[in-house]
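*Asks:* My structure is below; once you've seen it, I'll send some questions.
The values are calculated or read from the model by the stated rules, or taken from the named source; none is laboratory data. Computed from a predicted model, the values in this text were never measured in an experiment. Neighbour counts run over all protein chains shown; Cβ positions are idealised from the backbone, glycine included.
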């Protein structure tokens with residue numbers, strides 16, 4: 001466990017991940033339960049690949065799917081769902097941009113190689129999730145981590161992968177701090193007659209997504225999660 005702590009510190013200090021350091025601890029705390037679930041690990045939206053590298057180390061016995069467009073956000077006219085509050089389009093920028101070369105598939109693969117992760121259990125999906133997930137050979141999922149920022153992409157991932165998440169499996173919403181993600185979650189939960197509840201990523205407290213309680217964009221922290229029942 002200490003080794004994972006050190007790795008999380010290193011990945012954040014190198015800026016291979018934008019995930020807040022304390023949010024790595026969600027997986028560290030629940031690693032034992034997730035390890036027992038039959039299925040693969042998949043992250044949709046990987047940026048520079050840092051959190052996927054962490055997951056590959058946390059679950060050395062499982063396949064790791066690394067899914068991203070590796071070129072930014074999808075154009076609105078190609079999205080599966082239209083959403084009038086969508087902000088995350090190819091032109092969207094937040095702060096000073098990193099070099100586009102940092103996000104390419106080759107750049108992410110180099111970082112995996114840097115950490116000795118070269119085996120066939122590391123599986124890369126290159127393209128927008130609505131195009132790559134339907135044909136991906138993913139049968140069962142123990143942990144699904146969604147970090148795609150946009151309403152349509154969040155819902156697209158849930159459409160394609162929710163049914164593959166095994167009972168007791170985890171779904172982590174990195175973007176639960178964004179209103180786009182919360183709205184997509186609410187709509188999907190409604191479609192599946194699921195309760196509007198998620199677990200807090202730090203306290204593991206069950207919270208209702210209709211009752212905002214933080215000063216984030218959505219009223220909720222990043223990294224909220226659910227456990228499939």
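*Asks:* Please note which helices (runs of 4 or more DSSP H) are completely contained in segment 43-160 and include at least 2 residues that are surrounded by fewer than 19 Cβ atoms within 10 Å (Cβ to Cβ).
*Replies:* 105-114, 129-132
*Asks:* Every residue in segment 27-42 that is surrounded by 20 or more Cβ atoms within 10 Å (Cβ to Cβ) and assigned to a helix (DSSP H, G or I), please.
*Replies:* Those that are surrounded by 20 or more Cβ atoms within 10 Å (Cβ to Cβ) and assigned to a helix (DSSP H, G or I): 27, 34.
*Asks:* How do the pairs read when you match residues in segment 143-163 that are in contact (Cβ under 8 Å) with a residue 40 or more places away in the chain and on the phi > 0 side of the Ramachandran plot with residues anywhere that are crowded, with 24+ Cβ neighbours inside 10 Å and part of a helix (DSSP H, G or I), using Cβ under 7 Å and keeping only pairs 6 or more apart or on different chains?
*Replies:* If the second residue must be crowded, with 24+ Cβ neighbours inside 10 Å and part of a helix (DSSP H, G or I), the pairs left are 149/175.
*Asks:* Every residue in segment 8-26 that is in contact with a helix residue (DSSP H, G or I) (Cβ under 6 Å, 6 or more places away or on another chain) and assigned to a helix (DSSP H, G or I), please. Steps first, answer last, please.
*Replies:* Keep residues of segment 8-26 that are in contact with a helix residue (DSSP H, G or I) (Cβ under 6 Å, 6 or more places away or on another chain), which gives 8, 11-12, 16-17, 19, 21, 24.
8, 11, 12, 21, 24, listed by residue number.
*Asks:* Just one of the numbered conditions (1) touching a residue at least 24 places away in the same chain (Cβ under 8 Å); (2) at negative phi is not true of residue 114; which one?
*Replies:* (1)
*Asks:* How many residues does segment 163-183 contain that are within 15 Å of residue 147 (Cα to Cα) and in contact with a strand residue (DSSP E or B) (Cβ under 9 Å, 6 or more places away or on another chain)? If you could, list the steps in order and put the result at the bottom.
*Replies:* First, pick out the residues of segment 163-183 that are within 15 Å of residue 147 (Cα to Cα): 170-183.
Filter once more, so that each one left must be in contact with a strand residue (DSSP E or B) (Cβ under 9 Å, 6 or more places away or on another chain): 170-177, 181-182.
Residues that pass the stated criteria total 10.
*Asks:* Tell me whether segment 188-206 contains one or more residues that are buried (at least 16 other Cβ atoms within 10 Å of the Cβ), at pLDDT 95 or above and part of a helix (DSSP H, G or I).
*Replies:* Yes.
*Asks:* All but one of (1) within 24 Å of residue 182 (Cα to Cα); (2) in contact with a helix residue (DSSP H, G or I) (Cβ under 7 Å, 6 or more places away or on another chain) hold for residue 90, so report the exception by its number.
*Replies:* (2)
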